[in-house]
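The values are calculated or read from the model by the stated rules, or taken from the named source; none is laboratory data. Only a predicted model underlies this, so the values are computations on that prediction, with no experimental measurement involved. All Cβ positions, even for glycine, are placed from backbone atoms using ideal geometry, and neighbour counts span all protein chains on display.
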Amino acid sequence: MKNKTVTFGGVSVAPGEQKSIEIPLAAMVTHHDVEMSVHVINGKKSGPCLFVSAAIHGDEINGVEIIRRLANKKLLQRLSGTLVVIPIVNVHGFITHSRYLPDGRDLNRSFPGSSKGSLAGRMANTFLKEVVEKCSHGIDLHTAARHRDNLPQIRADMSKPEVEAMALAFGVPVIIDSAIRDGSLRQAAGDAGIPILLYEAGEALRFDEVAIRAGERGVQNVMRHLGMLPKLKEKVAEKTKIKRPVITAHTSWVRAPSSGMMRALVPLGAKAFQGGVLGVISDPLGKTEFQVIAPLEGIVIGRTNLPLVYEGDALFHVAYYKQRADNVLTQVENFQEHFELDPTPMESQELGDGPIT
């Protein structure tokens, strides 16, 4: 069935067309205009309308690179439905390398916002009304905060069948069945009946190649699940297949028992043994030392990268599972090995690397 014309920011995009649309935001204090770039690729055949957004937190840049690579795939010439990519939502924060907006607010705690509210509220409202609510599905790309690193993971409301199916299709080994935070994009999209995933991977202001490759592939996997892209050939599908992700709703941060300098003893993605030592905190001369102990067996899915810590600081984010952590660890290790390798010639040909002509 032939696709329909879509409209974003007052600009119409006919079937088979793609356009970059600039949506006005609040100007800089220098009176220079600021605009949110929205790139719309409208397939010739009908299908879902998926938005993929990044840099809602302005210093989270892995998602920007994921979108850059995704938008330049030749395979999008076979797109069914509409792909809407927004590489930089928080333009003000991106310019200043900041998670927040100039008014100090977190854009991802400001939805649904208001056209007459604060700067954050106005931006949230513009993004929601002009982009999000015109789509049928969404994927929001994030990283950890500064000086922290996240193992590639999906956060989603797994009580919703359509969201659950998208999360399982994405193809990362860890899914967090997480509560929706008030004022978040996930909450606003959910209230509008739009299934949405949140992908977390890597560190703020840093490119992480494994996180980027996994994110790019994950978005394509979801698009295939939604019928927006052709299915992979059997041989390629078998080569790129990731085992069924493990779902948990139980995670917690292990915090610093004392202030000092920490030596982390376990890497991201490692197994945490119940009662095991995750790191050691000492004073500058090493006269006193405190061990950071894992309360339960699990997998380290997040970690601080900053050695200087204060008592109570969040150091290791651990996910806990009903099954043995060894089973999850094997999946994590296989996942990391898979995305540390260059794509095989067969994958490259199938996935259509290279810019759209």
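Test VAL89 against the stated conditions and say whether it is closer than 20 Å to HIS39 by Cβ and assigned to a loop (DSSP other than H, G, I, E, B). Here the answer is yes, as VAL89 does meet what is asked. Would you call GLY260 more than 21 Å from VAL174 (Cβ to Cβ) and more than 20 Å from the chain's Cα centre (by Cα)? Against the criterion (more than 21 Å from VAL174 (Cβ to Cβ) and more than 20 Å from the chain's Cα centre (by Cα)), GLY260 qualifies. Selection of first residues in the range 83-95 that are farther than 15 Å from GLU22 by Cβ and of second residues that are among the aromatic types (Phe, Trp, Tyr), restricted to Cβ pairs under 7 Å at least 6 apart or on distinct chains, gives the following pairs, ordered by first then second residue: GLY93/TYR100. What do you reckon, is LEU75 touching an Asp or Glu at 6+ places or on another chain (Cβ under 6 Å) and in the same structural domain as ILE21 (by TED's automatic domain parsing)? Taking the combined requirement at face value, the residue does not satisfy it.
Checking every residue in the range 180-188 against the condition of being under 23 Å from LEU101 (Cβ atoms), hydrophobic (A, V, I, L, M, F, W, C) and in contact with an Asp or Glu (Cβ under 7 Å, 6 or more places away or on another chain) gives at least one match. Comparison of GLY183, GLY202, GLY193, GLY227 shows that the only residue that is in the same structural domain as PHE51 (by TED's automatic domain parsing) and within 16 Å of the chain's Cα centre (by Cα) is GLY202. The residues in the range 304-356 that are at pLDDT 80 or above, within 23 Å of the chain's Cα centre (by Cα) and among the hydroxyl-bearing types (Ser, Thr, Tyr) can be counted, and the count is 3.
Would you call HIS57 buried (at least 17 other Cβ atoms within 10 Å of the Cβ) and assigned to a loop (DSSP other than H, G, I, E, B)?
Numbers: buried (at least 17 other Cβ atoms within 10 Å of the Cβ): yes; assigned to a loop (DSSP other than H, G, I, E, B): yes.
Judged against the criteria, HIS57 is a match.
With respect to being crowded, with 18+ Cβ neighbours inside 10 Å, on the phi > 0 side of the Ramachandran plot and out of contact with any strand residue (DSSP E or B) (no Cβ under 9 Å at 6 or more places or on another chain), GLY183 fits the description. Could you please find all residues in the range 109-134 being surrounded by 23 or more Cβ atoms within 10 Å (Cβ to Cβ) and closer than 16 Å to ARG186 by Cβ? SER110, PHE111, ALA124, PHE127, VAL132 - these are the residues of the range 109-134 that are surrounded by 23 or more Cβ atoms within 10 Å (Cβ to Cβ) and closer than 16 Å to ARG186 by Cβ. Taken residue by residue, the range 95-109 has at least one member that is over 26 Å from GLY218 (Cα atoms) and assigned to a helix (DSSP H, G or I). If a residue must be in contact with a helix residue (DSSP H, G or I) (Cβ under 8 Å, 6 or more places away or on another chain) and either in a loop (DSSP other than H, G, I, E, B) or under 16 Å from ILE56 (Cα atoms) (or both), how many such residues does the range 138-154 contain? Final tally of qualifying residues: 6.
Taking the criterion of being modelled with pLDDT under 95, surrounded by 24 or more Cβ atoms within 10 Å (Cβ to Cβ) and aliphatic (A, V, I, L, M), would at least one residue in the range 138-146 satisfy it? No: the range 138-146 contains no residue that is modelled with pLDDT under 95, surrounded by 24 or more Cβ atoms within 10 Å (Cβ to Cβ) and aliphatic (A, V, I, L, M).
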